[in-house]
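Student: Dropping the structure in here first, questions after.
Laboratory data are not the source of any read-out in this text; all were calculated from the coordinates shown. Bear in mind the structure is a predicted one, so any value in this text is a computation, not a measurement. In this analysis, Cβ positions are derived from the backbone assuming ideal geometry, glycine residues included, and neighbour counts consider all displayed protein chains.
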Amino acid sequence: MNLKGNISKLPVDFYPITATDVVRHLEDQLGFRVHADFSVWDNRSPWEKPDNRGSSYVIMRAIFRPQDITIPTQSQNYMERLVQASGAGIQYQKDVIEILKKFMFPQDMARVQNMPEELQRLAKMGIYGERLKELMRRPNMFYEPIKDHYGCYLRPERIIYDMFIDTDAATPNTMAGKVDIVKLEDSDQAETIKWGVLLWHGTVGQSIGNYGVTIDDVFQQQIPR
């Protein structure tokens, strides 16, 4: 195919990424299985879907077995075992927590209460009211003693960005290009939640010659934006 306008394609690839892909990538980084679910917090009108990604947010809940994320104690002291069973004095596996921290909410999440602009931005994404209170209450890993499991809220968009790191790059943690999450297809079935992601390669756009003067110089004004 030869286009009459002699124009070039945009250097961009489109990737459909599912919730299953997100979980699989997290498992690959951690080295063990993860049980997770997803909920869409949506402020979009029906006609805005699946676009207007900025008016929605997907929250990810994950739970972990103690043997996968903690360092087991060898102590036979009754009081120490009792304290650990309550969730206090827990020693986490450092490499596991370092991976999870990249995808967790800020530890000082409660500070957002004093940031009106941030509150407004979060509300636009559907993060407000009881939802926001829960994230402020549990921004980090917590322990559920009855079920003997650990849990935390994760940010799936952070996991998606991590998926686009170029493993062949000379510098570690270099992105393969500019990443834009442009679509969100939600569903009653969490496994079928799907993000549409654009990966831009190289330098987008080019400069145009101006004969030594700008067009605004000639027209003596700018077109109102």
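Student: Multiply the residue gap between Thr167 and Glu185 by 0.36 nm, knock off their C-alpha separation, and tell me the result in nm, one decimal place. Mind dumping the intermediate values first?
Tutor: Numbers: separation 18, 0.36 × 18 = 6.48 nm, distance 2.83 nm.
Result: 3.7 nm gained on full extension.
Student: How far apart, in nm, are two points set 7 Å out from the Cα along the Cα-to-Cβ line at Arg65 and at Ile146?
Tutor: Going from the Arg65 label point to the Ile146 one covers 2.2 nm.
Student: Contour minus end-to-end for Arg24 and Ala123, with contour as 0.36 nm per residue of separation and end-to-end as the Cα-Cα distance?
Tutor: 32.7 nm
Student: Based on the Cβ-Cβ distance of Ala176 and Ile97, what FRET efficiency does E = 1/(1 + (r/R0)^6) give at R0 = 30 Å, to the nearest 0.05?
Tutor: Values: r = 26 Å, r/R0 = 0.88.
Efficiency computed from Cβ-Cβ geometry: 0.70.
Student: Given a cut-off of 27 Å, name the pairs among Lys102/Lys194; Lys4/Lys178; Lys4/Lys49 whose C-alpha atoms lie farther apart than that in the structure shown. Write down the numbers at each step before the final one.
Tutor: Numbers: Lys102/Lys194 21 Å; Lys4/Lys178 29 Å; Lys4/Lys49 35 Å.
Flagged as over cut-off: Lys4/Lys178; Lys4/Lys49.
Student: Quick one: go through region 126-155 and flag any residue whose amide nitrogen is under 13 Å from the point 7 Å out along the Cα-to-Cβ line of Arg111.
Tutor: Within reach of a label on Arg111: no residues.
Student: State, to one decimal in nm, how far the label point of His35 lies from the label point of Ile7, with both points 7 Å from Cα in the Cβ direction.
Tutor: For His35 paired with Ile7, the spin-label model returns 5.2 nm.
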